[in-house]
Amino acid sequence: GRALRTSIDLRIQRLAWEALERKRVTGAVVVMDPRNGEVLAMASWPSYDPNLMARGPSVEKYKKLSDDPRHPFQNRAASPDAPGSIANVLVALAAAKEDQADRIIHCGPFVQFGNHRVRDWDQNRNEDLNLSQALQSSCNTYFMPLAVEMGRDAIAGIGADFGFGGETAVHWPGQPQGEGINIETPGNPAIDLAFAAVGQGRNRFSLLDTARIFSAIAGGQIRPPIFTAGGTAPDAVSLESLGIDWHELAII
């Protein structure tokens, strides 16, 4: 019966919604405060007026929404999806944890794993890159061999630090469960790990998970998302306690 105050900042929420609506893109926006984990905006488009459900929609209106090919019932901010190059950032954190953040690797148009050749998106690439430069250019031929060299335990370990692979980061009943880092695919272990490092294969993160990753880099603390203001936040895990210092974070 007490008043509930959410962490949502109405001004930021409106800006996020209007940006999605103006571009007519199917997607989502999440804004998180890295100082405490509070979610300041979470918008998913297209959506629907929730008052319609409070009143009880007609069969026709409900059918129109449920049959919409854009799936307005889907909360895209919390739905797991392939992270793509966002996974590079987790590999970078794993490298920092393993004291490999100062590595310089020669990056070419492809990388060879046994009989398998995996191409980079930039077929003209031929340069030595450090970790910061590799993140800026999203270089697959930097992160793939780095992940394979560090090994499965290092990559899965940073995922476990963020809570991936177990309970979802968002504790809502009925919410889709993100797999996080998934490198259990049978076959060539190096290939599986290489693709996991660049966000392909069966990796799945939600946009909220992505916000948590970047908030951790910005604030130095791994935090769960908080949706109510003034509540007791669960204990944060400092990246420093994992062996990632501010020098390494500055590189990332």
Nitroxide proxy distance, nm - points 7 Å out along Cα→Cβ at S241 and Q136: 3.4 nm
Selection from Q136, G159, N36 lying farthest towards where the dipole of the chain points positive, charges on Cβ: N36
Extension gain from I251 to D67, taking 0.36 nm per residue of separation minus the Cα-Cα distance: 61.5 nm
Per-bin percent of Cα-Cα distances, the range 96-142 [5 Å]: 5, 22, 29, 22, 14, 7, 0
Sorted peptide list for 97-108, 35-46, criterion being average Cβ within 10 angstrom, highest first: 35-46, 97-108
Gaussian network model of the chain, springs between alpha carbon atoms under 10 Å - residue of A218, A82, A92 with greatest fluctuation: A218
For the chain: accessible area per residue (Å², 1.4 Å): 54 Å²
Alpha-carbon radius of gyration plus Dmax, which is the widest Cα pair, for the chain in Å: 20.1, 64
Within the chain, helix-based [θ] at 222 nm, where runs of 4 or more DSSP H residues each add -39,500 (n - 2.57), nearest 500: -11000 deg cm²/dmol
Inter-label distance, nm, simple model (7 Å from Cα along the C-beta direction), V59/R103: 6.1 nm
Rounded FRET efficiency, nearest 0.05, which uses the C-beta distance separating E21 from L52 and R0 of 22 Å: 0.80
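The values are calculated or read from the model by the stated rules, or taken from the named source; none is laboratory data. What you are looking at is a predicted structure, and each value in this text was computed from that prediction instead of being measured. Here Cβ is always computed from backbone atoms with ideal geometry, including for glycine, and neighbour counts include all displayed protein chains. To get the accessible areas, we keep the full protein, side chains included, count just its heavy atoms, and leave off ligands, DNA and RNA. Shrake-Rupley method; radii C 1.70, N 1.55, O 1.52, S 1.80 Å.
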